[in-house]
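In what follows, a single structure is set out as structure tokens and then discussed.
The values are calculated or read from the model by the stated rules, or taken from the named source; none is laboratory data. Since this is a predicted model, take the numbers as computed values, not measurements. As a convention, Cβ positions derive from the backbone with ideal geometry for all residues, glycine included, and neighbour counts pool all protein chains shown.
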Amino acid sequence: MKHLLKIFIIMILINQLQAQTLKISQVKNFEHQLDDVMELIDTNEVKLKLIEVEKQFQIESSEINKVRLGIIYHETALNLSFFPKTEFKGYAKKSYDVLTELYTSKSTTKELMPFISSYRASSLSLISAETKKLGLLRHAFVLFKEANELYSDASYLPAFLRGSVAENLPWYFYRKRKAAKNDFQTIIAKQEKNTDYANWKIMSFTYWAWANQHQSKKHTTQAILYCDKAISIDPDHIAGRKKAEDLKIKLMRK
């Protein structure tokens, strides 16, 4: 047990050291290479992308293709594994296993770690939802905390994925749901200081999420403003536009 604890502490120290030396330009370069497999909402697109990414990995099992594989497995689990009689059960575990292999490898490019660590934590939360094991959810939030502490300055992903998981939890997880409000507010604040912090797709989801979490009367004006922003930057309805449009109608009726 002590030996495992020492290994765990050493891994954290190594990750902390790596986080201090990330090249932001390289993180952004990887973000562009991964964008087409992240935050998908169309189930047909997910199915097609799953086939495409698996074929790419079979042809060339490169590091970036392996990260793409882990992420598309996550998106498959998120979008398709919770339907009754689905054939996509177990994809959260596939994602977690692929990303864990990358996470624990000493040769993994450090600029990929914001993506690997964030989606790894989110995949574990999906495993928890699929298996009904709350212990896994608690561990997922430990991993999210680590990812945020190490990589939130370099990438929106740790806060965005933690917030996305937390906002969908039942009401009795009120502490984690409260944390989701802070996560999306943090992304908005960082985006206001640096317009390159997150891309338009993420900001569309983020503006909608903030508005969805602040539906009280005192926040109505700001919530509607953020709904308008979520709508305006998503002309093709591939991010938060539809939910923002529905929410705006609800808010205007108050």
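Filtered by the rule that a residue be part of a helix (DSSP H, G or I) and surrounded by fewer than 21 Cβ atoms within 10 Å (Cβ to Cβ), the stretch 230-246 gives 232, 241, 242, 243, 245, 246. Candidates in the stretch 150-176 are the residues that are in contact (Cβ under 8 Å) with a residue 12 or more places away in the chain and of a type in the set (Lys, Arg); of these, the one that is nearest to residue 28 (Cα to Cα) is 162. Before we move on, is residue 201 over 22 Å from residue 34 (Cβ atoms) and either in the same structural domain as residue 37 (by TED's automatic domain parsing) or of a type in the set (Lys, Arg) (or both)? So residue 201 fails the test. All of 15, 65 fail the test of being farther than 23 Å from residue 200 by Cα, touching a helix residue (DSSP H, G or I) at 6+ places or on another chain (Cβ under 8 Å), among the polar types (S, T, N, Q) and at pLDDT 95 or above, apart from 65.
Looking at the stretch 131-149, is at least one residue in contact (Cβ under 8 Å) with a residue 40 or more places away in the chain and under 11 Å from the mean Cα position of the chain (by Cα)? For the stretch 131-149, residues in contact (Cβ under 8 Å) with a residue 40 or more places away in the chain and under 11 Å from the mean Cα position of the chain (by Cα): absent.
Under the condition of being without any contact (Cβ under 8 Å) to a residue 24 or more places away in the chain and part of a helix (DSSP H, G or I), which residue from the stretch 209-225 is surrounded by the most Cβ atoms within 10 Å (Cβ to Cβ)? Across the stretch 209-225, the extreme among qualifying residues is 219.
Residues that are closer than 19 Å to residue 165 by Cα and buried (at least 18 other Cβ atoms within 10 Å of the Cβ) within the stretch 64-80 comprise 70, 71, 72, 73, 74, 75, 76, 77, 78, 79, listed in sequence order. Just one residue in the set 49, 89, 85 is among the basic types (Lys, Arg) and surrounded by 18 or more Cβ atoms within 10 Å (Cβ to Cβ); that residue is 49.
I'd like the residue in the stretch 187-208 that is over 9 Å from residue 156 (Cβ atoms) and among the polar types (S, T, N, Q) and, out of all such residues, is surrounded by the most Cβ atoms within 10 Å (Cβ to Cβ). Result: 204. Looking at 242, 190, 201, can you tell me which residue is within 15 Å of the chain's Cα centre (by Cα) and at pLDDT 90 or above? The match here is 201. Evaluation of residue 155 against the conditions (1) assigned by TED's automatic domain parsing to the domain that holds residue 40; (2) surrounded by 15 or more Cβ atoms within 10 Å (Cβ to Cβ); (3) out of contact with any helix residue (DSSP H, G or I) (no Cβ under 6 Å at 6 or more places or on another chain) shows that the sole unmet condition is (3).
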